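Chemist: Can you read through this structure? Questions will come right after.
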Amino acid sequence: METKTNPTIITIFGGSGDLTWRKLIPALYNLFLDGWLNEKFSIVCIGRSEMKDGEFETKLKEGVDQFSRSGKTKKEQWDVFVKYIFYKTGDFNNKGLYSDIKKEVNLFEKAAACKTNKIYYMAVYPQFFETIAQQLCDAGLAEDREGARLVIEKPFGTDLQTAQELNQTLLKIFTEEQLYRIDHYLGKETVQNILAFRFANAMYEPLWNRNYIDHVQITVSEKIGVEDRGGYYDHSGALRDMVQNHVMQLLCLIAMEPPVSFDADEIRNKKADVLHAIREIKREDVHDFASRGQYGEGWQEGEKAKGYREEKDVPENSNTETFAAIKFFVDNWRWSNVPFYIRSGKRMQQSISVITIQFKPVPHQSFPDEAIENWQSNKLIINIQPDMGIRMRFQAKKPGLKMQLTPVDMLFNYNDTYTSGIPEGYETLLLDVIEGDATLFMRADQVEAAWKVIMPILSTWKDNPSVNFPNYAAGTNGPETAEALIARDGKNWIVLPFDKKTNGQSKNV
Ligand code: BG6
């Protein structure tokens, strides 16, 4: 296998945490298996927990066995990979920790005897972001402008002001080119494919505007509740946790103008343009443009599910939203008056991330009434997960002696089309950091622009606690106000076929 990357030492702060275990190490392991990692590679995991000899490696192996897309580890491969990994107990506030890291880095560089990447990955609570960045700076670890890179997990700030402050602090230490703000949705194959679908094909772009598109819907719903993250989630809520980042990024990919090149800044400029064009929702209009919900107890697949307020570390009178639906407008030539309806929630009926482009009806209906009983306007359905693919719904004549129209689908499905394994989002993103490609990462101005869009909703909801939470039962499609939000415009949320065979996941749409 060909090694494609420079020698790299990656230091993971939060090395004993869940993200490292579930996502980062399995992703690095797969990059190793696929031959992407230079044989001069080192992973230094810094955690606050003390670990006995071998304990850390055993836990990592369990994580890879459980979460890696390539299945269980094979001994001979794992034994090679695990030699790249070191664990170090350390307090992120302690200067000594950073001089130790510096020693490791220096040794690594000396042994590599060529250009190296030094990646610092902050898989920690956000309250440590500034401390770690400052300590890296004080230890002289941020100085190699080309090779030293800082990866920052979300949440990036809790509102516009804190995001701006964090950007200012980080940009005093690192250059923008050294910063990789992660939004793991951007690493998903199906999300990256939106760019290919839109800009590598000539046939959709002429239709991709207000003349042909009636509206766009983006649904990112999850069956899971807050699990053991109640402490974090209760200060976050659906708007901050999902909408400000993942959902806004999907909206940008759908609404952006064609990029002139695939240069990181060109793509990010075009996405930032969308965020700047989103119509401001005035505080007095929030009620008409946004709906919030919180799940109460309910049933999911025959099992009783707790309400949000009964979850661990959630106050019994919590006013945090676990569901949000919003209507946005993108005020530019292409999208003038085309609504973008977005919704995201936890403990919903389905786990599904899907974008639907609803086209306008034909300008003139020439078929007789009896032919069009089942008639629907065209829809393009981009399925992000769990099924991956794109479905084009159009009308066809139902076979028979009479002219009867019926909707049928043209389907592109990843599982049927590709036999090779599909990389996980974190594999793509980690490889991009190693290769120094920031296209799929959030630039400072993008993060701030996305916060700016949701600020009026955040502040209005904060100042006016909901009086009717919980307002949707676990296992349902969210609150009635979300139905009303779209029904007022004479439309409805598109419900995708429910497939019993896939255990309640949507059919391949
Ligand atoms: C994270 C959120 O960013 O995304 C979680 O903090 C959410 O609350 C998760 O569950 C969803 O990611 P995915 O890849 O499972 O859709």
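The values are calculated or read from the model by the stated rules, or taken from the named source; none is laboratory data. Quick caveat, the model's predicted, so the values are computed rather than measured. Virtual Cβ from ideal backbone geometry, glycine too; neighbours counted across all protein chains shown.
Chemist: Residue under question is residue 167, and the condition is that it be under 20 Å from residue 265 (Cα atoms) and part of a helix (DSSP H, G or I); does it hold? Spell out the reasoning first.
Modeler: Numbers: under 20 Å from residue 265 (Cα atoms): yes; part of a helix (DSSP H, G or I): yes.
Criteria met by residue 167.
Chemist: Test of understanding: among 95, 102, 118, which residue is at pLDDT 95 or above, farther than 30 Å from residue 240 by Cβ and under 29 Å from the mean Cα position of the chain (by Cα)? Can you show your working first?
Modeler: Working: 95 fails: under 29 Å from the mean Cα position of the chain (by Cα); 102 fails: under 29 Å from the mean Cα position of the chain (by Cα).
Testing whether each residue is at pLDDT 95 or above, farther than 30 Å from residue 240 by Cβ and under 29 Å from the mean Cα position of the chain (by Cα) leaves just 118.
Chemist: Taking the condition among the hydroxyl-bearing types (Ser, Thr, Tyr) and outside any loop (DSSP other than H, G, I, E, B), does residue 99 pass? Walk me through how you get there before you give the answer.
Modeler: Details: among the hydroxyl-bearing types (Ser, Thr, Tyr): yes; outside any loop (DSSP other than H, G, I, E, B): yes.
Against the criterion (among the hydroxyl-bearing types (Ser, Thr, Tyr) and outside any loop (DSSP other than H, G, I, E, B)), residue 99 qualifies.
Chemist: Continuing with the same structure: Go through (1) touching a Phe, Trp or Tyr at 6+ places or on another chain (Cβ under 7 Å); (2) outside any loop (DSSP other than H, G, I, E, B); (3) among the polar types (S, T, N, Q) one by one and return the number of the condition residue 5 breaks.
Modeler: Here residue 5 clears every test but (2).
Chemist: Could you tell me which residue of segment 326-353 is surrounded by the fewest Cβ atoms within 10 Å (Cβ to Cβ), considering only residues that are in a strand (DSSP E or B) and within 16 Å of the ligand (Cβ to nearest atom)? Steps first, please.
Modeler: Within segment 326-353, the subset in a strand (DSSP E or B) is 326-330, 339-345, 348, 352-353.
Adding the requirement that they be within 16 Å of the ligand (Cβ to nearest atom) leaves 342-345, 348, 352-353.
Working: 342: 22, 343: 27, 344: 25, 345: 27, 348: 27, 352: 20, 353: 24.
So, considering only residues that are in a strand (DSSP E or B) and within 16 Å of the ligand (Cβ to nearest atom), the one surrounded by the fewest Cβ atoms within 10 Å (Cβ to Cβ) is 352.
Chemist: Here are some conditions: (1) over 15 Å from residue 430 (Cβ atoms); (2) surrounded by 15 or more Cβ atoms within 10 Å (Cβ to Cβ); (3) of a type in the set (A, V, I, L, M). Residue 85 meets all but one. Which one does it not meet?
Modeler: Among (1) over 15 Å from residue 430 (Cβ atoms); (2) surrounded by 15 or more Cβ atoms within 10 Å (Cβ to Cβ); (3) of a type in the set (A, V, I, L, M), residue 85 violates only (1).
Chemist: What are the pairs with Cβ atoms under 8 angstrom where one residue, in segment 233-246, is hydrophobic (A, V, I, L, M, F, W, C) and the other, located anywhere, is within 8 Å of the ligand (Cβ to nearest atom)? Sequence gap at least six, or different chains.
Modeler: Partner pairs satisfying both residue conditions: 238/346; 242/220.
Chemist: Kindly indicate whether any position in segment 139-147 is assigned to a loop (DSSP other than H, G, I, E, B), exposed (fewer than 13 other Cβ atoms within 10 Å of the Cβ) and among the aliphatic types (A, V, I, L, M).
Modeler: No; the residues of segment 139-147 include none that is assigned to a loop (DSSP other than H, G, I, E, B), exposed (fewer than 13 other Cβ atoms within 10 Å of the Cβ) and among the aliphatic types (A, V, I, L, M).
Chemist: For segment 451-458, indicate whether the set of residues that are out of contact with any Lys or Arg (no Cβ under 6 Å at 6 or more places or on another chain), over 21 Å from residue 119 (Cα atoms), among the hydrophobic types (A, V, I, L, M, F, W, C) and outside any helix (DSSP H, G or I) is non-empty. Spell out how you get there, then give the answer.
Modeler: Pass one, segment 451-458, residues out of contact with any Lys or Arg (no Cβ under 6 Å at 6 or more places or on another chain): 451-455, 457-458.
If we keep only those that are over 21 Å from residue 119 (Cα atoms) as well, we get 451-455, 457-458.
When the remaining residues are screened for being among the hydrophobic types (A, V, I, L, M, F, W, C), the result is 451, 453-455, 457-458.
Narrowing further to those that are outside any helix (DSSP H, G or I): none.
Within segment 451-458, not a single residue is out of contact with any Lys or Arg (no Cβ under 6 Å at 6 or more places or on another chain), over 21 Å from residue 119 (Cα atoms), among the hydrophobic types (A, V, I, L, M, F, W, C) and outside any helix (DSSP H, G or I).
Chemist: Please state which one of 292, 309, 283 is surrounded by fewer than 19 Cβ atoms within 10 Å (Cβ to Cβ) and over 28 Å from residue 202 (Cβ atoms). Break it down into steps so the answer makes sense when it comes.
Modeler: On the way: 292 fails: surrounded by fewer than 19 Cβ atoms within 10 Å (Cβ to Cβ); 309 fails: surrounded by fewer than 19 Cβ atoms within 10 Å (Cβ to Cβ).
Sole residue among the options that is surrounded by fewer than 19 Cβ atoms within 10 Å (Cβ to Cβ) and over 28 Å from residue 202 (Cβ atoms): 283.
Chemist: Can you tell me which of (1) out of contact with any strand residue (DSSP E or B) (no Cβ under 7 Å at 6 or more places or on another chain); (2) outside any loop (DSSP other than H, G, I, E, B) is the one residue 361 doesn't meet?
Modeler: (2)
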